[in-house]
Amino acid sequence: MKIIQEVAAMKAYVKAIKDKGETICLVPTMGYLHEGHLDLMRMGRPMADHLMISIFVNPTQFGPNEDLDKYPRDMERDTKLAASVGVDCIFFPDVSQMYPQGYATYVNVEDITKGLCGAARPTHFRGVTTVVLKLFNIIEPDLSIFGEKDYQQLAVIRRMVEDLNMNVKIVAHPTVREEDGLAMSSRNKYLNPEQRKNALVLRRSLLLAQDRVKAGERSAAKIRDEVMKMIASTPGSVIDYVEIVDTDTLEPVDKTEGRTVMALAVKFGTTRLIDNITLEA
Ligand code: AMP
């Protein structure tokens with residue numbers, strides 16, 4: 001398995017692959033890999049000749065008071081884990097490779113970046129789309145895999161790829177969970193045992209919403225209220241948002257007709273967790 005840190009070297013590596021007519025699958029990550037990341041890689045392995053991942057804690061997607069500096073990192077462990085699922089190459093640039101002196105260009109997807117996580121994190125998606133576009137330009141993947149856990153991110157990237165006529169197929173992977181239902185996340189390691197236990201309310205509340213829809217409830221407001229009550233009654237939880245939205249536009253809906261998505265963000269202490277569920281009427 002190759003580890004490449006420089007953009008120029010990565011481009012040369014990619015060119016050699018493209019010259020042979022071979023295909024590339026890319027799984028972008030911020031590292032500190034867990035089973036969720038590894039499942040995306042396992043999914044990607046048979047889908048292309050070359051499986052590449054990127055590990056880059058992207059500063060432009062963190063707000064001024066967010067956890068950029070303390071975001072967990074462990075390259076030695078990540079390298080072993082990536083090798084264990086058949087990754088061919090890790091692109092592991094440092095910040096000066098991705099944002100050299102004088103860097104001034106950002107890509108911004110409008111509208112669907114405004115709500116949900118975009119409301120509390122107004123520059124987050126601009127950072128995500130900028131870095132993903134850069135990774136796509138450097139690595140030229142035929143396909144790239146993203147997790148449904150970050151539902152808004154997936155929708156924003158699909159939008160960008162369609163709007164900018166990009167030659168990459170975006171593939172979604174379902175959310176990977178711990179046995180007790182908590183969505184896997186590199187940030188779960190910040191939770192103390194009490195918070196870790198209380199955080200299970202997220203999955204429970206999403207399943208409650210699903211039950212209500214299955215039982216015929218169509219009022220998004222009613223379902224949302226019930227979910228918010230359940231979360232609010234859990235010690236240590238501070239709700240950022242709970243919304244039921246259209247699967248593509250991410251606009252809030254009044255009625256849970258057809259397929260909709262309930263998405264939520266809740267803080268436990270300083271740790272902000274997100275999760276979502278597709279509701280099928
Ligand atoms: P991150 O390192 O958190 O930026 O995540 C890298 C990729 O892994 C993104 O496409 C995430 O959506 C995906 N991912 C992270 N956690 C999970 C999970 N629990 N289930 C599925 N995909 C995930």
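The values are calculated or read from the model by the stated rules, or taken from the named source; none is laboratory data. Worth saying up front: this structure is predicted, and the values here are computed from it rather than measured. All Cβ positions, even for glycine, are placed from backbone atoms using ideal geometry, and neighbour counts span all protein chains on display. Each accessible area value is taken on the protein alone, full model and side chains, heavy atoms only, with ligands, DNA and RNA left out. Shrake-Rupley method; radii C 1.70, N 1.55, O 1.52, S 1.80 Å.
The table that follows gives values for the structure above.
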{"quantity": "Residue match in segment 23-35 (condition: of a type in the set (S, T, N, Q), within 15 Å of the ligand (Cβ to nearest atom) and over 26 Å from ALA120 (Cα atoms))", "calculated": "no"}
{"quantity": "Qualifying positions in segment 1-56 - buried (at least 19 other Cβ atoms within 10 Å of the Cβ) and either among the β-branched types (Val, Ile, Thr) or at positive phi (or both)", "calculated": "ILE4, VAL14, ILE17, ILE24, VAL27, THR29, GLY31, TYR32, ILE53, ILE55"}
{"quantity": "Checklist (1) loosely packed, with under 14 Cβ neighbours inside 10 Å; (2) modelled with pLDDT of 95 or more applied to ILE90, failing item", "calculated": "(1)"}
{"quantity": "Any hit, segment 150-163, residues being farther than 21 Å from THR123 by Cβ and touching a strand residue (DSSP E or B) at 6+ places or on another chain (Cβ under 8 Å)", "calculated": "no"}
{"quantity": "Filtered residues of segment 179-225 (kept if within 13 Å of the ligand (Cβ to nearest atom) and on the phi > 0 side of the Ramachandran plot)", "calculated": "GLY181"}
{"quantity": "Filter result for the condition that a residue is within 13 Å of the ligand (Cβ to nearest atom), among the basic types (Lys, Arg) and under 22 Å from ILE145 (Cβ atoms), over ARG77, ARG42", "calculated": "ARG42"}
{"quantity": "Strands (runs of 3 or more DSSP E) within segment 1-70 that include 1 or more residues within 20 Å of the chain's Cα centre (by Cα)", "calculated": "24-29, 50-55"}
{"quantity": "Segment 38-62 residues that are over 27 Å from ASP19 (Cα atoms), paired with ones that are of a type in the set (Phe, Trp, Tyr) (beta carbon under 8 Å, 6 or more apart)", "calculated": "VAL57/TYR71; PRO59/TYR99; THR60/TYR99; THR60/TYR106; GLN61/PHE125; PHE62/TYR71"}
{"quantity": "Set ASP240, ASP275: member being touching a residue at least 40 places away in the same chain (Cβ under 8 Å), under 30 Å from ASP74 (Cα atoms), away from the ligand (no atom under 16 Å from the Cβ) and outside any helix (DSSP H, G or I)", "calculated": "ASP240"}
{"quantity": "Qualifying residue in segment 73-84 (condition: among the polar types (S, T, N, Q), open to solvent by less than 50 Å² (accessible area, probe 1.4 Å) and part of a loop (DSSP other than H, G, I, E, B))", "calculated": "no"}
{"quantity": "Restricting segment 251-268 to residues that are touching a helix residue (DSSP H, G or I) at 6+ places or on another chain (Cβ under 6 Å), assigned to a loop (DSSP other than H, G, I, E, B) and open to solvent by less than 70 Å² (accessible area, probe 1.4 Å), the residue that is nearest to GLY181 (Cα to Cα)", "calculated": "THR256"}
{"quantity": "Among the candidates ILE223, ILE244, ILE239, residue that is within 22 Å of the chain's Cα centre (by Cα), farther than 20 Å from MET184 by Cβ and open to solvent by less than 40 Å² (accessible area, probe 1.4 Å)", "calculated": "ILE244"}
{"quantity": "Residue, nearest to the chain's Cα centre (by Cα), within segment 126-151, restricted to residues that are open to solvent by 10 Å² or more (accessible area, probe 1.4 Å) and farther than 20 Å from ILE90 by Cβ", "calculated": "ASP150"}
{"quantity": "Segment 175-187 - residue that is of a type outside the set (A, V, I, L, M, F, W, C) and more than 16 Å from THR29 (Cα to Cα) and, of those, most open to solvent (accessible area, probe 1.4 Å)", "calculated": "GLU179"}
{"quantity": "Unique match (being surrounded by 19 or more Cβ atoms within 10 Å (Cβ to Cβ) and under 30 Å from ARG224 (Cβ atoms)) among GLY118, GLY63", "calculated": "GLY118"}
